[in-house]
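Accompanying notes for the structure given below.
The values are calculated or read from the model by the stated rules, or taken from the named source; none is laboratory data. Note that the coordinates shown come from a computational prediction; the quantities given were computed from them, not determined experimentally. Every residue, glycine among them, receives a Cβ derived from its backbone with ideal geometry; neighbour counts consider all protein chains shown. Ligands, DNA and RNA are stripped out before the accessible areas are found, and what is left, the full protein with its side chains, is counted by its heavy atoms. Shrake-Rupley method; radii C 1.70, N 1.55, O 1.52, S 1.80 Å.
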2 protein chains.
Amino acid sequence: MHNLINAFPLYNFLKYCNTISLEKVILDCGAGGSNPPLSLFYEFGYETYGIEICEEQLEKANLFCNSCNMDLNIIKGDMKKIPFINEFFSFLFSYNTSVHMRKEGFSQALLEFYRVLKHGGLCYINFLSEDCDTYGKGVQVGDGEFKQIEDNQEVFYCHYKDNEVEQNFYGFEIIYKEKRIIQRKIDEREYTSAYLDYILVKK
Amino acid sequence: MHNLINAFPLYNFLKYCNTISLEKVILDCGAGGSNPPLSLFYEFGYETYGIEICEEQLEKANLFCNSCNMDLNIIKGDMKKIPFINEFFSFLFSYNTSVHMRKEGFSQALLEFYRVLKHGGLCYINFLSEDCDTYGKGVQVGDGEFKQIEDNQEVFYCHYKDNEVEQNFYGFEIIYKEKRIIQRKIDEREYTSAYLDYILVKK
């Protein structure tokens, strides 16, 4: 049976990837966790690679791989310095990772995404919008950047204005852009979250 | 291998359904076409039923069912008069169907969705927003309702304002609401489409 991933926008990204006539080789930057979205691409015959900076998330992903007998090739690595050669990948995604990274750091990562992608290759990335109801909470540490306390832990959140990040897209061209504003009702409380999603092609 | 459906928001709806402790019995209203989204629920062990008013779409769905050896139970039927008894289903969805229906007709369908759902059951529906770039094109036949000509055929489009449809939700409660604004670049042209998605629970 298919493993349902939680990173739903990647079903759409998969559809885009399936239309491109490049080798099916894909990298996930921030690939860890207990339900790695690379599994979706693995099921569709992609050669998968992932990098993950956090040991705990790496371990969770490896447990998943072992229990499902699915070798997703997830290794320790920093997306600001991707340990692969130029133009090795046809496809790359980084889901929800910008949420917990400084803007400057993610801008560096974008240069790396560009470097490791083949020409004509596709890249999926997404960002938290300032339209979230969490925007502005906590201690401000930069433009749209806040430190919040959750369960006695400090958590960093980074929000973007509409179009703001596009100035860092270098030689990428936007072929798909989506703004999602989501309202959820949980235990009689309402939560609003908002995302900016992009699919880019390397020209 | 998993069959990738095009109705991506239903991956999220499936996740919601999987959390509810009711029998896994689901109805798709407008279930036809060459890639029926019911196949996703079938793969996850749901007992599936579908109704489809258009013979051509029904035939396409049956071809899919035969070629995949998947009996999805899709029959001819009108969602304004669903041929099933009260409270027969735990889950129901109707993807993109409101787009081509008069507002009054869809309002009738909503009453039927309510009737055939069990208490605590979930319903997914979506609507075209007035923020689409096609809004206002063609001949106006009602509030937000237009007839357009596509490939020499008359096609009816129905757009809704934010929150507009919620007055017709009767005994449903909204637990998930999403507005999606999508910009696609195809052959150097840009297209904007916008949707309002809902997951409702029958109280």
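Selection within segment B:1-58: residues that are away from chain A (no Cβ under 11 Å) and of a type in the set (Ser, Thr, Tyr). The member of this set that is farthest from B:Asn126 (Cα to Cα) is B:Ser21. When we screen A:Gly45, A:Gly50 for residues that are under 14 Å from the mean Cα position of the chain (by Cα) and open to solvent by less than 80 Å² (accessible area, probe 1.4 Å), the only hit is A:Gly50. Restricted to segment B:192-203, and to residues there that are in contact with a helix residue (DSSP H, G or I) (Cβ under 7 Å, 6 or more places away or on another chain) and of a type outside the set (A, V, I, L, M, F, W, C), the residue that is nearest to the other protein chains (Cβ to nearest Cβ) is B:Asp197. For the condition within 14 Å of chain B (Cβ to nearest Cβ) and either within 25 Å of A:Tyr46 (Cβ to Cβ) or in a loop (DSSP other than H, G, I, E, B) (or both), what is the one hit in A:Ile182, A:Ile174, A:Ile125? Answer to the check: A:Ile174. For segment A:143-160, a residue qualifies if it is at negative phi and out of contact with any Leu (no Cβ under 9 Å at 6 or more places or on another chain), and the qualifying residues are A:Asp143, A:Glu145, A:Phe146, A:Lys147, A:Gln148, A:Ile149, A:Glu150, A:Gln153, A:Glu154, A:Val155, A:Phe156.
Starting from residues that are open to solvent by 50 Å² or more (accessible area, probe 1.4 Å) and closer than 17 Å to B:Thr97 by Cα, keep the ones in segment B:136-165 and report whichever is nearest to the other protein chains (Cβ to nearest Cβ). Checking each candidate, the answer is B:Lys161. For segment A:21-40, a residue qualifies if it is open to solvent by less than 10 Å² (accessible area, probe 1.4 Å), aliphatic (A, V, I, L, M) and farther than 23 Å from A:Lys80 by Cβ, and exactly one does: A:Leu40.
Go through B:Tyr191, B:Tyr160, B:Tyr176 for me and flag whichever is among the hydroxyl-bearing types (Ser, Thr, Tyr) and within 18 Å of B:Phe8 (Cα to Cα). Before you say what the answer is, go through the steps one by one.
On the way: B:Tyr191 fails: within 18 Å of B:Phe8 (Cα to Cα); B:Tyr160 fails: within 18 Å of B:Phe8 (Cα to Cα).
After applying the criteria, what remains is B:Tyr176.
Here A:Arg189 meets each of (1) out of contact with any helix residue (DSSP H, G or I) (no Cβ under 7 Å at 6 or more places or on another chain); (2) buried (at least 17 other Cβ atoms within 10 Å of the Cβ) with one exception, condition (2). A:Phe91 meets the stated requirement of being touching a residue at least 24 places away in the same chain (Cβ under 8 Å) and buried (at least 20 other Cβ atoms within 10 Å of the Cβ). If you check A:Asn3, A:Asn18 for being more than 14 Å from the chain's Cα centre (by Cα), open to solvent by 20 Å² or more (accessible area, probe 1.4 Å) and under 16 Å from B:Asn12 (Cα atoms), only one passes: A:Asn3.
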